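Please read the structure below before turning to the comments.
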Amino acid sequence: MHITTLLCDLDGVLTRTAKLHAKTWKILFDEFLKKQAEQHNEEFQEFNTATDYPKYVDGIPRLDGIKSFLKSRNISIPEGTSDDPNTSITVNGLGKQKNLIFHKLLKTEGVETFSSSIEALKAWRKSGLKLAVVSSSKNCKQILEASGIVNLFDVIVDGVIREEKKLRGKPYPDTFLYACKLLQVKPDDTAVAEDAASGIKAAVKGNFGFTIGIKNDNNFNLLKEAKADTIVNNLSELNYNGNRFQLL
């Protein structure tokens with residue numbers, strides 16, 4: 001194994017927008033679930049950011065995440081179309097509402113990076129490691145620009161490109177493989193850093209050379225079950241020797 005490239009997820013690996021996303025999903029789903037409970041005369045069961053977020057929506061394309069969570073609650077709504085307004089009770093309508101909520105929170109709360117991980121990436125890049133961001137977020141580029149780290153990466157594959165190229169989202173490896181194609185590298189020679197189990201599963205399916213799980217308060221067991229090769233708090237706990245990653 002000769003690792004020449006590292007593909008990083010955005011949320012939870014490079015930036016702390018995972019908390020913003022979790023908060024966004026909770027606002028969206030709690031409002032929706034309250035209305036559902038009232039209509040069907042049922043008890044309201046809130047969206048749990050500690051369990052529902054990592055299991056059903058983290059790292060997954062927005063519309064797939066909505067369908068995944070609603071399925072877990074045995075709720076079915078129409079798919080709708082991309083022309084649906086954010087007020088529509090459709091998958092597309094909820095997707096637009098989620099994006100509006102996220103942008104409001106982004107504006108008021110800002111973006112924080114994992115500074116120690118960013119410093120590690122800067123050092124590895126100087127030693128010749130190729131870097132890419134692979135994220136299901138359509139807001140990826142704006143977040144990287146707002147964080148001041150967009151120029152650190154050779155390639156960015158985000159939710160916009162995924163749709164344009166008709167790539168399947170994580171847990172399928174399509175977006176990772178597309179990043180490799182752009183970088184002209186082999187999956188065997190590429191490592192993947194992810195905080196989402198869906199991302200680790202995608203890397204395993206794609207036969208990538210090394211998988212790095214970035215743990216948080218809720219995801220350790222999920223990363224372990226997804227078969228991450230190593231699990232760390234952040235990238236600065238690893239050393240890159242020009243050939244492979246090792247724990248410090």
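Evaluate the following for Glu119: is it under 23 Å from Gly213 (Cβ atoms) and touching a residue at least 12 places away in the same chain (Cβ under 8 Å)? Against the criterion (under 23 Å from Gly213 (Cβ atoms) and touching a residue at least 12 places away in the same chain (Cβ under 8 Å)), Glu119 qualifies.
Residues in region 132-150 that are in contact with a Phe, Trp or Tyr (Cβ under 8 Å, 6 or more places away or on another chain) and modelled with pLDDT of 90 or more: Ala132, Val133, Val134, Leu144.
Would you say Asn243 is in contact (Cβ under 8 Å) with a residue 12 or more places away in the chain and over 15 Å from the mean Cα position of the chain (by Cα)? Spell out how you get there, then give the answer.
Working: in contact (Cβ under 8 Å) with a residue 12 or more places away in the chain: yes; over 15 Å from the mean Cα position of the chain (by Cα): yes.
When the stated conditions are applied, Asn243 passes them.
Conditions tested, residue by residue: (1) out of contact with any Leu (no Cβ under 9 Å at 6 or more places or on another chain); (2) outside any strand (DSSP E or B); (3) surrounded by fewer than 19 Cβ atoms within 10 Å (Cβ to Cβ).
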{"site": "Glu163", "(1), (2), (3)": "yes, yes, yes"}
{"site": "Arg168", "(1), (2), (3)": "yes, yes, yes"}
{"site": "Phe176", "(1), (2), (3)": "no, yes, no"}
{"site": "Ala203", "(1), (2), (3)": "no, yes, no"}
{"site": "Gly213", "(1), (2), (3)": "no, no, no"}
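The values are calculated or read from the model by the stated rules, or taken from the named source; none is laboratory data. Small disclaimer: the values here were computed from a predicted structure and weren't measured. Ideal geometry is used to build each Cβ from the backbone, glycine not excepted, and the neighbour counts take in all protein chains shown.
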